[in-house]
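The values are calculated or read from the model by the stated rules, or taken from the named source; none is laboratory data. No experiment lies behind these values; they were computed from the predicted model shown. Cβ atoms come from the backbone with ideal geometry, glycine included; neighbour counts cover every protein chain shown. Just so you know, the surface numbers come from the protein's heavy atoms only, side chains and all, with ligands and any DNA or RNA stripped out. Shrake-Rupley method; radii C 1.70, N 1.55, O 1.52, S 1.80 Å.
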Amino acid sequence: MNNIDGAVEFFKSYLEIEHAGNMATYSESDETVEELRAESMQFWHALPGIALSPSFGRPMGMQPERLSQLAQKANLERRALFLVAEYRDPAWGTLYAGFVGGDRASTAGSYGGLLYAAEIEGGLKVVASYREDFDKAAPPVQWRHSQGAEPDLPGAPVAVRALQGPTGRAEHREDWEILRGSAPDR
């Protein structure tokens with residue numbers, strides 16, 4: 001059985017692998033990129049017939065000069081983990097939401113995604129990925145399904161762990177403050 005501390009560590013570990021994969025995309029061999037994609041896939045659980053995969057990769061066989069050109073423009077950052085919320089869900093049991101920053105210098109201080117993780121065969125796995133729905137006013141931030149399962153978006157969390165607040169957009173900070181105060185910090 002996992003707890004919110006385990007979920008925080010799980011999301012942090014995933015974000016480390018994702019960052020390594022993003023960096024490798026611009027500087028390493030095809031084999032290294034594929035190894036990191038395979039390693040990152042260990043964090044994901046796709047339901048039958050539902051696509052779910054990491055956010056990094058590239059076409060195979062890119063020339064080093066082209067990779068160098070792309071790397072100069074990428075300006076990569078490690079995603080921040082802003083907050084983890086624990087929910088009770090009828091289908092998944094305990095569902096953890098990880099609110100993460102963007103992966104570029106220009107988006108690192110703002111929400112860049114929402115990942116849901118559930119216990120699968122004794123360990124946590126990412127089961128769904130969401131992106132901000134910019135067509136809807138925030139706060140609260142509205143989320144649009146990106147990939148994976150589509151859990152019924154849960155009501156109020158039963159616990160939260162606030163790690164660091166977003167600094168990029170005021171409505172993200174306000175949303176974070178609301179979430180931070182919506183349940184006990186366990």
Assigned charges on the beta-carbon of Lys, Arg, Asp, Glu; the chain dipole about Cα centre (debye): 400
Rounded accessible area per residue of region 74-130, 1.4 Å, Å²: 31
Separation of the T32 and T167 label points, Cα + 7 Å toward Cβ, nm: 2.9
Whichever aspartates and glutamates have a C-alpha closer than 17 Å to that of K12, once near sequence neighbours (fewer than 8 apart) are set aside: E39, E77, E86, D103, E119
Helix axis angle, 64-74 relative to the chain longest principal axis, alpha carbon, degrees: 30
Net charge, N75 excluded, C-beta distance under 11 Å - Lys, Arg +1, Asp, Glu -1: 0
Whole-number percent relative contact order across region 1-132, with pairs defined as alpha carbons under 8 Å at least 6 apart: 24
FRET E, pair Q142, E16, Förster distance 35 Å, beta-carbon r, rounded to 0.05: 0.80
Local net charge near S146, Cβ-Cβ under 11 Å (Lys/Arg +1, Asp/Glu -1): -1
Other-chain or far-sequence residues with amide H under 5 Å of Q142's (modelled H): D133
Sum of -39500 (n - 2.57) over DSSP H runs of 4+, divided by residues of the chain (222 nm, nearest 500): -9500 deg cm²/dmol
Prolate/oblate/rounded call for region 106-186, Cα gyration tensor, a/c under 1.5 rounded: oblate
Fraction of antiparallel bridges per DSSP, the chain only, in percent to nearest 5: 95
Which label in [x] 120; [y] 205; [z] 149 gives the computed volume of the Cα convex hull per residue in Å³: [x]
Solvent-accessible area, 1.4 Å probe, carbon plus sulfur percent, for the chain: 49
Spin-label zone in region 98-123 - amide nitrogen under 11 Å from a point set 7 Å from the Cα of D89 along the C-beta vector: 98, 115-120
Whole-Hz couplings from phi, Karplus 6.51/-1.76/1.60, listed for region 3-13; x for Gly and Pro: 9, 5, 5, x, 5, 4, 5, 4, 5, 4, 5
Global geometry of region 1-60, whether rounded, prolate or oblate, following the gyration tensor of its Cα atoms and the 1.5 cut on a/c: oblate
